[in-house]
1. Quickly run through the range 37-77 and pick out the residues that are farther than 16 Å from Lys93 by Cα and charged (D, E, K, R).
2. Give just the number: which of (1) part of a loop (DSSP other than H, G, I, E, B); (2) loosely packed, with under 12 Cβ neighbours inside 10 Å does Ile46 not satisfy?
3. Just name the residue that is most open to solvent (accessible area, probe 1.4 Å) out of those in the range 1-41 that are assigned to a loop (DSSP other than H, G, I, E, B) and in contact (Cβ under 8 Å) with a residue 24 or more places away in the chain.
4. Could you list all residues from the range 66-108 that are of a type in the set (D, E, K, R) and surrounded by 12 or more Cβ atoms within 10 Å (Cβ to Cβ)?
5. Just to be sure I understand, how many residues within the range 88-108 are assigned to a strand (DSSP E or B) and in contact with a Gly (Cβ under 9 Å, 6 or more places away or on another chain)?
6. Just to be sure I understand the filter: pairs with C-beta atoms under 6 Å, separated by 6 or more residues or on different chains, first member in the range 53-81 and farther than 17 Å from Met103 by Cα, second member open to solvent by less than 80 Å² (accessible area, probe 1.4 Å) and outside any strand (DSSP E or B). Which pairs pass?
Amino acid sequence: MENEEPKPELHIFNFENVEYKTRYTKKFENRKPYTIPDPKKIYAFIPGQILKVFVKEGHKVKKGDPLLILQAMKMNNILLAPINGVIKTIYVKVGETVPKSQMLVELK
């Protein structure tokens, strides 16, 4: 038949070890690929202002130690060390306003 629409391209999508045949939306095809977060890099999860920095470069920290206070939407968020390590670099200063996803502290 001449007026037949082309069939959509089906892709194999694996979810929890089950394969599904499905169509991808444009949004799904253009998505940013997932990367495993690096626990040595601490990012701002929300835009805000740095109120206090508890650590210095070269300072040893244990998992759960406070690193800094990020004030966002009138709430003080204490960011804690996700792992044991040594402070490699501090990218922010007290009073600085940071956007979401800016790197704040890096551990080594």
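The values are calculated or read from the model by the stated rules, or taken from the named source; none is laboratory data. Keep in mind the model is a prediction, meaning the values are calculated, not measured. Reconstructed Cβ throughout: ideal geometry from the backbone, glycine too, with neighbour counts over all protein chains shown. Side chains included, ligands, DNA and RNA excluded: accessible areas come from the protein's heavy atoms. Shrake-Rupley method; radii C 1.70, N 1.55, O 1.52, S 1.80 Å.
1. Within the range 37-77, Asp38, Lys40, Lys41, Lys60, Lys62, Lys63, Asp65, Lys74 meet the criteria.
2. All conditions pass for Ile46, except number (2).
3. Looking at residues that are assigned to a loop (DSSP other than H, G, I, E, B) and in contact (Cβ under 8 Å) with a residue 24 or more places away in the chain, I get Lys40.
4. Lys88, Glu96, Glu106 - these are the residues of the range 66-108 that are of a type in the set (D, E, K, R) and surrounded by 12 or more Cβ atoms within 10 Å (Cβ to Cβ).
5. Residues meeting the conditions: 4.
6. Val61/Ala81; Lys63/Ala81; Lys63/Ile83; Asp65/Ala81
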